[in-house]
Amino acid sequence: MVSLLLIGIAAWGIGFGLISSFRVVGVAIAVGIFLFLIALVGLIGAVKHHQVLLFFYMIILLLVFIVQFSVSCACLALNKEQQRQLLEVGWNNTNSAREDIERNLNCCGFRNINSSETCSAACFKNNQCLPCAPIIEEYSGMVLRFVGGIGLFFSFTEILGVWLTYRYRNQKDSRANPSAFL
């Protein structure tokens, strides 16, 4: 379900013109496809009672849990100063996202407006633009808490999946020949 949600949000963002960076969309779609394939491995392993597939599903799901739990905790642990530093580094290292932010939030520059630079915001023509940093910082804390909370929720469902896979991996198939296990 999470994989299809990732793919859908990436397609929605590009369809409505909110995201023009194909790298961001490509990563979101790749992660969605990876999670979908892992879920498919788990489903096939459970239906076929295939212990090797279930073992690999359990290991990969545990690794996904560790990464997702770490990223969620990092999102929740960032203070305001760390958020500002992270936003400034992101602002300075990308041009396509900068243009998207300026256009969608109707602001120019990060901390100050430089009239010698180009800006894709509509307010730039009237010279009435605000810097983007205060607008972005207003939403960044809320978004990080939301993403961290959702990530924690899904990471605990993943650890539940690991535990269930470990618990039921060695069960015998009731439809199989009982003498095949001897």
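Quick look at the numbers
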| item | result |
| --- | --- |
| Qualifying residue in the range 115-124 (condition: touching a residue at least 24 places away in the same chain (Cβ under 8 Å), open to solvent by less than 50 Å² (accessible area, probe 1.4 Å), assigned to a helix (DSSP H, G or I) and out of contact with any helix residue (DSSP H, G or I) (no Cβ under 7 Å at 6 or more places or on another chain)) | no |
| Close pairs (7 angstrom Cβ cut-off, 6 or more residues apart or separate chains): of a type in the set (Ser, Thr, Tyr) and at pLDDT 80 or above in the range 93-106, surrounded by 13 or more Cβ atoms within 10 Å (Cβ to Cβ) and assigned to a helix (DSSP H, G or I) anywhere | none |
| Any hit, the range 64-82, residues being at negative phi, buried (at least 16 other Cβ atoms within 10 Å of the Cβ), in contact (Cβ under 8 Å) with a residue 24 or more places away in the chain and not in a helix (DSSP H, G or I) | yes |
| Unique residue being of a type in the set (S, T, N, Q) and at pLDDT below 85 when the list is SER115, SER72 | SER115 |
| Test: ILE59 is in contact with a Leu (Cβ under 9 Å, 6 or more places away or on another chain), open to solvent by less than 90 Å² (accessible area, probe 1.4 Å) and on the phi < 0 side of the Ramachandran plot | no |
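The values are calculated or read from the model by the stated rules, or taken from the named source; none is laboratory data. No experiment lies behind these values; they were computed from the predicted model shown. Glycine gets a Cβ as well: all are built from the backbone with ideal geometry, and neighbour counts include every protein chain shown. Surface accessibility is based on the protein's heavy atoms, side chains included, excluding ligands, DNA and RNA. Shrake-Rupley method; radii C 1.70, N 1.55, O 1.52, S 1.80 Å.
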